[in-house]
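For reference, the structure discussed in these notes is given below.
The values are calculated or read from the model by the stated rules, or taken from the named source; none is laboratory data. Remember, it's a predicted structure, so these values are computed and weren't measured experimentally. Backbone-built Cβ (ideal geometry, glycine too); neighbour counts: all protein chains shown. In case anyone asks, the SASA skips ligands and DNA or RNA and just uses the protein heavy atoms, side chains included. Shrake-Rupley method; radii C 1.70, N 1.55, O 1.52, S 1.80 Å.
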Amino acid sequence: MATDTHTGKTGAAGAGHTIRRLLLDNGALSALVVLLVAMSLLSGDFLTTQNLLNVGVQAAVTAILAFGVTFVIVSAGIDLSVGSVAALSATVLAWSATSAGVPVWLAVILAVATGIACGFVNGALVAYGKLPSFIATLAMLSVARGLSLVISQGSPIAFPDSVSVLGDTLGGWLPVPVLVMIAMGLLTALILARTYIGRSMYAIGGNEEAARLSGLRVNKQKLAIYALSGLFAAVAGIVLASRLVSAQPQAAQGYELDAIAAVVIGGASLAGGVGKASGTLIGALILAVLRNGLNLLSVSAFWQQVVIGVVIALAVLLDTLRRKAGSGGAASTGSGAPGAPGSGRKGAVKAGLAVVVVAAVVAAVSFFDSGSSGTTTKVGMSLSTLNNPFFVQMKEGAQAEAKKAGIDLTVTDAQNDASQQANQLQNFTSSGVDSVIVNPVDSDAVGPGVRSANKADIPVIAADRGVNKADTATLVASDNVAGGKLAAKALADKLGGKGSIVVLQGTAGTSASRERGAGFAEGIKAYPGIKVVATQPADFDRTKGLDVMTNLLQGHPGITGVFAENDEMALGAVKALGSKAGKSVSVVGFDGTPDGLKAVEAGTLYASVAQQPKELGRIAVQNAVKAADDEKIQDMVKVPVKVVTRENVADFS
């Protein structure tokens, strides 16, 4: 009996020691466990089956990209092109299967081949062109993104239904993207641990010259390594487009940084020679848990970026210090057994670091958590971007109305990323909000997320832009096409029906840019004496508007007018024109932002088509509350637009 008791204790102690070693010897896993516990304590909506599946779906694309990047980083390289290659591969698939009439199975092969080809070119530039991997893949980032825009002409392309099942669920609950992520993770682990090329990656990353001297064909191996990264990027792009039911030419922007972060958080070294698939998966899950949890906790969209950056740094720091403590202990004791000299000190260091991470996460989230007001009405609002004064004003109008009505409003920033917006809508649905307001990044891509809300009987209010292939309670919007026509008339009247003008377009693929541009093009047709000499995108950005306008002036110094599809680009154009603005060149913008109205008042901007974004946000919240209370609302609520000139600007200021 004494022996049995001793054995049982030993077994229990051994199991406990194994778990303790598993957590303390893996900084990324420890950080993930800490985050899961912290988020579970802070949000009752986090630890549910549906939400955990949401986290898996939201991690899938980043994880698949990161698995491919793992090969490159283990071999002491870097791949900055994976996001653009993912978008290009998806665009090739959608275009081939629709516009080109290619059978879907062949379109899928072409998409995968596109990813492999991009990776192969990267590998050739690095191995034989002797370019630094950073430069080679940075060039491919631009080339692949440009080709995606060329093929799609800047507009989303509908994805084939037979492939879109990759973004759906099995049995109505098991997400296919999660299954694809697991399959690609297992393939990564197999390649790294059980294949010749996997061992070559570690050898090249550990010491490339030694690998070459030992007979390894380093250049050929690099070709294969980067081709594998391209293959995984293609799969990620197909999964992403399947979720959005459309290929977005601007999809996956910035995802390469998330992929690299996931690999490094997972314990890989940028110096090469270290890394594994399980660590990369954990890194991707950490990023997904952070974003999901912060959404559920109603943390400000601006503070989310700060908290995510801090926690990423802490996670990597924890793993780095763990490695140093471990190597120091091993050197001094020669034993990793519990109770060996120095092991208590190492354990204390590790435990202390874990506590620091816990404290940082809990303190940051708790401090910046806006919390629930305790009201019965909770509304989620997903804006396409908060990097634009128009949408900032829309948010301010919505928040003012929410405060007045005493409701709990959570505002998130999709950062012009349709996939991120889909994640936010999933989070709102799983947290059980009473209604949702969405300002779509893309009207087609937002459809699946809105349909999920429809299934959960959560009413959705579309703001500024409509939603396709899904039900919305109402659309609160200005008429962008009508606004474009008004801008054309205002500019033509100012020029007396004659002159040469340039057009600055917004972000390619966005409905606002398409509609404003279409309205302006239709309106300007009525004035045959006006010639559009150049049309260039400036992405709704003031700095890009300045740069593009400066370049256009070199080729067209005699222009007399400019139409910019938002005030930010118009203000950039005004800066480029200098003393010509408001005198020899008339500039018309769109949105009626505070800075735009000041420029109109000063005379440097001739006119702006004012949309009253604060009013739009206010009305959207009003209708969201009515929809949550099952009150009848109109199918469409129009917020009037009006041309603002120097004569009437005081009425808007």
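Values computed for the structure shown
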{"read-out": "Tally, over region 425-448, of residues that are in a helix (DSSP H, G or I) and either touching a residue at least 60 places away in the same chain (Cβ under 8 Å) or open to solvent by 10 Å² or more (accessible area, probe 1.4 Å) (or both)", "value": "7"}
{"read-out": "Sole residue being at pLDDT below 95 and either within 33 Å of the chain's Cα centre (by Cα) or assigned to a strand (DSSP E or B) (or both), chosen from 637, 588", "value": "637"}
{"read-out": "Condition check for residue 200: more than 30 Å from residue 444 (Cα to Cα), polar (S, T, N, Q), touching a helix residue (DSSP H, G or I) at 6+ places or on another chain (Cβ under 8 Å) and open to solvent by 40 Å² or more (accessible area, probe 1.4 Å)", "value": "no"}
{"read-out": "Members of region 126-157 that are out of contact with any strand residue (DSSP E or B) (no Cβ under 8 Å at 6 or more places or on another chain), hydrophobic (A, V, I, L, M, F, W, C) and outside any helix (DSSP H, G or I)", "value": "131"}
{"read-out": "Scan of region 384-424 for residues that are of a type in the set (Ser, Thr, Tyr), farther than 21 Å from residue 591 by Cα and not in a strand (DSSP E or B), ordered by number", "value": "419"}
{"read-out": "Set 236, 261, 252: member being in a loop (DSSP other than H, G, I, E, B) and of a type in the set (A, V, I, L, M)", "value": "252"}
{"read-out": "Condition check for residue 224: surrounded by 13 or more Cβ atoms within 10 Å (Cβ to Cβ), farther than 30 Å from residue 537 by Cα and touching a residue at least 40 places away in the same chain (Cβ under 8 Å)", "value": "yes"}
{"read-out": "Residue check, residue 133 farther than 30 Å from residue 515 by Cα, crowded, with 17+ Cβ neighbours inside 10 Å and of a type in the set (S, T, N, Q)", "value": "yes"}
{"read-out": "Residue in region 43-56 that is open to solvent by 50 Å² or more (accessible area, probe 1.4 Å), outside any helix (DSSP H, G or I), at pLDDT below 90 and on the phi > 0 side of the Ramachandran plot present", "value": "no"}
{"read-out": "Elements of type helices (runs of 4 or more DSSP H) in region 484-579, at least 2 residues being under 17 Å from residue 611 (Cβ atoms) and not acidic (Asp, Glu)", "value": "511-524, 567-577"}
{"read-out": "Qualifying positions in region 599-613 - in contact (Cβ under 8 Å) with a residue 40 or more places away in the chain and surrounded by fewer than 20 Cβ atoms within 10 Å (Cβ to Cβ)", "value": "601, 603"}
{"read-out": "Number of the exception - residue 542 against (1) touching an Asp or Glu at 6+ places or on another chain (Cβ under 9 Å); (2) open to solvent by less than 40 Å² (accessible area, probe 1.4 Å); (3) without any contact (Cβ under 8 Å) to a residue 60 or more places away in the chain", "value": "(2)"}
{"read-out": "Failed item in (1) closer than 27 Å to residue 448 by Cβ; (2) open to solvent by less than 30 Å² (accessible area, probe 1.4 Å); (3) hydrophobic (A, V, I, L, M, F, W, C); (4) within 16 Å of the chain's Cα centre (by Cα), with residue 257 passing the rest", "value": "(2)"}
{"read-out": "Within region 560-576, tally of residues that are more than 26 Å from residue 391 (Cα to Cα) and open to solvent by 10 Å² or more (accessible area, probe 1.4 Å)", "value": "1"}
{"read-out": "In region 57-79, the residues that are over 14 Å from residue 419 (Cβ atoms) and either surrounded by fewer than 23 Cβ atoms within 10 Å (Cβ to Cβ) or not hydrophobic (A, V, I, L, M, F, W, C) (or both)", "value": "68, 70, 75, 76, 77, 78, 79"}
{"read-out": "Whichever residue in region 227-254 is open to solvent by less than 20 Å² (accessible area, probe 1.4 Å) and of a type in the set (S, T, N, Q) and, among such residues, is farthest from residue 415 (Cα to Cα)", "value": "229"}
{"read-out": "Filter result for residue 110 (at pLDDT below 95 and open to solvent by 20 Å² or more (accessible area, probe 1.4 Å))", "value": "no"}
{"read-out": "Number of positions in region 458-501 that are of a type outside the set (Lys, Arg) and within 31 Å of the chain's Cα centre (by Cα)", "value": "25"}
{"read-out": "Unique match (being under 23 Å from residue 627 (Cβ atoms), touching a Pro at 6+ places or on another chain (Cβ under 7 Å) and not aromatic (Phe, Trp, Tyr)) among 456, 463, 477, 445", "value": "445"}
{"read-out": "Selection count where residues are farther than 23 Å from residue 390 by Cβ and touching a strand residue (DSSP E or B) at 6+ places or on another chain (Cβ under 8 Å), scope region 430-448", "value": "4"}
